[in-house]
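Written out below as C-alpha cells is the structure these notes cover.
The values are calculated or read from the model by the stated rules, or taken from the named source; none is laboratory data. In this text, all values refer to a predicted model and were calculated from it rather than measured experimentally. Reconstructed Cβ throughout: ideal geometry from the backbone, glycine too, with neighbour counts over all protein chains shown. These area figures cover heavy atoms from the full protein model, side chains too; ligands, DNA and RNA do not enter into them. Shrake-Rupley method; radii C 1.70, N 1.55, O 1.52, S 1.80 Å.
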Amino acid sequence: MDEEKNIGKHIVEHLQDNSDAEITDPVLQTWAETSAENKQDLFEYTRIWDGVSELAQRNKFSSSKAWEKVDSSIKKRSIISERYKISLLSAAAAFFLILFGFSFYFYWVSGNTEEPLQLVTELGSRSEATLPDGTIVKLNAGSELAYRYDRHKKIRSVQFTGEGYFEVEKNRKPFVVQLQNGLTLKVLGTKFNLSAYPDDAIIKTTLTEGKVELQDSKGEKLILAPGEIASFSKKTGELSYLEEAPSRNLSWMEKRLYMDNMSMAEVCRILERWYDVEIKFAEKEMAERIHYTGTLWEKTIYDVFEALDGISEIEYKIEGRNIVVSEKK
C-alpha cells in the first residue's frame, strides 16, 4: 500500500508538470515499464487528469446559459484562482489514483467538451465573456462565436464571425480561430482584434500583444508582430499587411468610430450594427460618392446623423428602426 501511494505521488507530479510530455522521472518510468497493466493505468490516469483539467476550466462559468445569448447589460465573469485550480486537480487526481473504477467520469467529461459552446451578441449590443479555457473575449454588435476543445488534436478551436477583441489565455494547447473563406488564425497566448463580418469585403486582424499566424486555404502564411495589421481580401484571396494606426481598429471598445476617407455606405453599415437599425438611401450611388474623415462618438442615432448632417450635404428621416438618407436639394 505504501508503495502504491509513493507511485501515486510520482504520477501526480508528472501530470502537474506536463501530462503531454515524456516521462523524465526514473521511478515512474521503471514502474510503467514493469508491466503492460501499469502502462495502461498510467495512460488512463493521464486521460482522467486532462478531463478534470477541462472541467476546472469550465467551472469558470457561473451559468451555461451565458452561452445562449449575452445581453450588453449583463456581463458574467468569475475567475478560479490558480491555487484553487491546482488544489482541485491534485485532489481529483489523487482520488482517481486510489479508485480505479471511475473511467465513466472521464468519458462524461470528454463527451461534454466536444460540444461547441455558443455565444451570440445581437445587433445594437456588445458583450464580454470568459471562455472555458480562461480566454477573455469582447464582442462587438452582430457577432457569433462557437468554442470547443478538440481532445484528439489537443487544440482550442473557435468558429467566429463579426468583430471581437481576444485576450487569449496562455496554454500549451494552441488556440485556433476558424474564419470565412478557409482562413485560420493560430495563437498560443496573445491579444488581438479580429474583424470578420460576413458582409465586409475584407477580414482584418490587429495584433496588440504576442504573435499570431494567419493561413489561407492555399497554405500561404502571414505572421504578425505587435502593432501590425493584416488584411485578407475575400474577392482576391490575398493576405497582406496594412499600414494603419492600430488604435483606429480598437476604437469600437471606446464607443468611437474613426473615419479615414470612409464612404457613407461603410459608415452606415457599421451604424446598422451598432444601433440595430436599417438605413436606406434615396439614391444608391450617393452612398459610395460621399466620404467622411473624422471621429464619431457613439451617442444616440439622432446625434450621429446630426453630426453627419453637419459635415455633409445630406438629410435624413428616422421612423423607429428605419432611416432614409438623401442628398439635400
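The table below lists the values:
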read-out: Residue check, residue 294 on the phi > 0 side of the Ramachandran plot, assigned to a loop (DSSP other than H, G, I, E, B) and without any contact (Cβ under 8 Å) to a residue 60 or more places away in the chain; value: no
read-out: Single match in 234, 299, 255, 280 (criterion: at positive phi and of a type outside the set (A, V, I, L, M, F, W, C)); value: 255
read-out: Flag for residue 177 being part of a strand (DSSP E or B), on the phi < 0 side of the Ramachandran plot and not aromatic (Phe, Trp, Tyr); value: yes
read-out: Residue within segment 181-188 that is closer than 30 Å to residue 265 by Cα, open to solvent by 40 Å² or more (accessible area, probe 1.4 Å) and at pLDDT 95 or above present; value: no
read-out: Hits in segment 266-282 - residues which are open to solvent by less than 20 Å² (accessible area, probe 1.4 Å) and in a helix (DSSP H, G or I); value: 267, 268, 271
read-out: Within segment 227-265, tally of residues that are open to solvent by 20 Å² or more (accessible area, probe 1.4 Å), touching a Ser or Thr at 6+ places or on another chain (Cβ under 6 Å) and either without any contact (Cβ under 8 Å) to a residue 24 or more places away in the chain or of a type in the set (Gly, Ala, Ser) (or both); value: 1
read-out: Verdict on residue 156 being within 25 Å of residue 132 (Cα to Cα) and open to solvent by 30 Å² or more (accessible area, probe 1.4 Å); value: no
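Table: residues versus (1) modelled with pLDDT under 75; (2) β-branched (Val, Ile, Thr); (3) open to solvent by 40 Å² or more (accessible area, probe 1.4 Å).
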position: 2; (1), (2), (3): yes, no, yes
position: 13; (1), (2), (3): yes, no, yes
position: 19; (1), (2), (3): yes, no, no
position: 23; (1), (2), (3): no, yes, yes
position: 27; (1), (2), (3): no, yes, yes
position: 37; (1), (2), (3): no, no, yes
position: 43; (1), (2), (3): yes, no, yes
position: 46; (1), (2), (3): yes, yes, no
